[in-house]
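Student: Structure provided below as structure tokens; questions to follow.
The values are calculated or read from the model by the stated rules, or taken from the named source; none is laboratory data. A quick note: this is a predicted structure, and the numbers were derived from the prediction, not measured. Every residue, glycine among them, receives a Cβ derived from its backbone with ideal geometry; neighbour counts consider all protein chains shown. Surface areas here come from the heavy atoms of the whole protein model, side chains and all, with no ligands, DNA or RNA. Shrake-Rupley method; radii C 1.70, N 1.55, O 1.52, S 1.80 Å.
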Amino acid sequence: MDFGLILLTIGVSFILAVISAPLLIPLLRRLKFGQQIRGEGPQSHQKKAGTPTMGGIIIILAFTLAFLKFSVVNTDFYVLLISTLGFGLVGFLDDYIKIVFKRSLGLTPNQKMFGQLLFSGIICALLISEGHSTAIGIPGTGLSFDWGPWFYYPFIIFMLIAITNAVNFTDGLDGLLSGISAIALGAYAVVAMQATSLPAAVCAAAMIGAVLGFLVFNAHPAKVFMGDTGSLGIGGAIGAIAIITKSELLFLVIGGVFVIEMLSVVLQIVSFKTRGKRIFKMSPIHHHFELSGWSEWRVVVTFWAVGLLLAGIGLYLNKGL
């Protein structure tokens, strides 16, 4: 596979994001698409109120143009594009309702789940038409199991919804998700090249460039937030790449930070409902460290370092797939 093409895709997507951001951020500000900060969150975040959100449009735009330019068109291409844009659309609607209709929760849980199930179902239909393998590899072992389509496709739907929501939970600090997703996608670009899947490799590269370009404006102090438009779109891309490259379970390692963030939310809810006690000062867990006295930048850099370590472990384990 042409490594130069992957670098070119990253570069073009990065430039598109860097060029479009200064044009879109003032527009978002004029439209009063400002972030609403939860009252129960860290008090240091209150000063961020009004910062333009829905900046995920920048990521989606740069990604789409680069992906369309450099990818080959086949079934995998459509799976990757629909997953990214479909979940991104769900996030866009959620953001739009929050801002325009002043509803802090945006889409209702049922509405959001319907959208996620709809696009997951479309992706499964495309995979079935392609004759996609239903075997699932166990990272680091060279072993796999195949329990047939009746297990695999419900698993894929669960996986896509879980990954997109886990990525969404990680978005809470300036630059946190942008950096973590770039690291995870970098690992998946290598996995895709090893799997000789050009669409998956170009998809990863296009998203890397887009999130790094966005990070220029999202690093602390952030000039723009990505909102659910960006986080769900990124999650859709990562989930689809994992499926196309047949590295479904490898996400648990490469995307380990996302998994930890989601588990912290689940454990917090379960503990409070069953025992009336919270495990963390606040969930997702990055807020726990903030409330424990860590600076926002220290939390972000530490999580980036953990993400980099897990990505390296994931690539090592991928040799055994």
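Student: Please get the size of the charge dipole for the chain, origin at its Cα centre, with Cβ charges of +1 on Lys and Arg and -1 on Asp and Glu, quoted in debye to the nearest 20.
Tutor: 1100 debye
Student: Residue 216 label point, 7 Å along Cα→Cβ, cut-off 15 Å on backbone N: hits in segment 1-34?
Tutor: The answer is 10-26.
Student: What's the carbon and sulfur percent of segment 152-263's accessible surface, probe 1.4 angstrom, rounded to a whole number?
Tutor: Result for segment 152-263: 75 percent of the exposed heavy-atom area is carbon or sulfur.
Student: Work the Kirkwood hydrodynamic radius out for the chain: mean of 1/r over every pair of different alpha-carbon atoms, inverted, in Å.
Tutor: Kirkwood radius, the chain: 19.6 Å.
Student: Which FRET efficiency, nearest 0.05, do residue 15 and residue 269 yield, Cβ-Cβ r, R0 41 Å?
Tutor: 0.50
Student: With a/c under 1.5 counting as rounded, go ahead and sort segment 272-321 into rounded, prolate or oblate using the C-alpha gyration tensor (a ≥ b ≥ c being the square roots of the eigenvalues; past the cut-off, prolate if a/b is larger than b/c, else oblate).
Tutor: oblate
Student: Run lengths n ≥ 4 of DSSP H only: what is the helix-derived mean residue ellipticity at 222 nm for the chain, with -39500 (n - 2.57) per run over all residues, to the nearest 500?
Tutor: The per-residue figure over the chain is -24000 deg cm²/dmol.
Student: I've got another one for you. On a C-alpha basis, how far is the centre of segment 275-296 from the centre of segment 170-247 in Å? Whole number, if you could?
Tutor: Spelled out, the Cα-based centre of one part sits 25 Å from the other.
Student: With every protein chain left in place, what is the accessible area per residue of segment 232-321 in square angstrom, probe 1.4 Å?
Tutor: It amounts to 45 Å² per residue over segment 232-321.
Student: Whole number in Å², please: accessible area per residue of segment 128-218, 1.4 Å probe, ligands, DNA and RNA not counted.
Tutor: On a per-residue basis, segment 128-218 sits at 33 Å².
Student: Students often check this: by mean Cβ neighbours within 10 Å, which of 234-243, 260-269, 136-145 ranks highest, and how do the rest follow?
Tutor: By packing density, highest mean first, the sequence is 234-243, 260-269, 136-145.
Student: What is the calculated FRET efficiency for residue 3 to residue 309, with r their C-beta to C-beta distance and R₀ = 22 Å, to the nearest 0.05?
Tutor: Efficiency, from the Cβ-Cβ distance: 0.40.
Student: Can you work out the FRET efficiency for the pair residue 144 and residue 302, with r the C-beta to C-beta distance and R0 = 35 Å, to the nearest 0.05?
Tutor: With R0 = 35 Å, the Cβ-Cβ based efficiency is 0.55.
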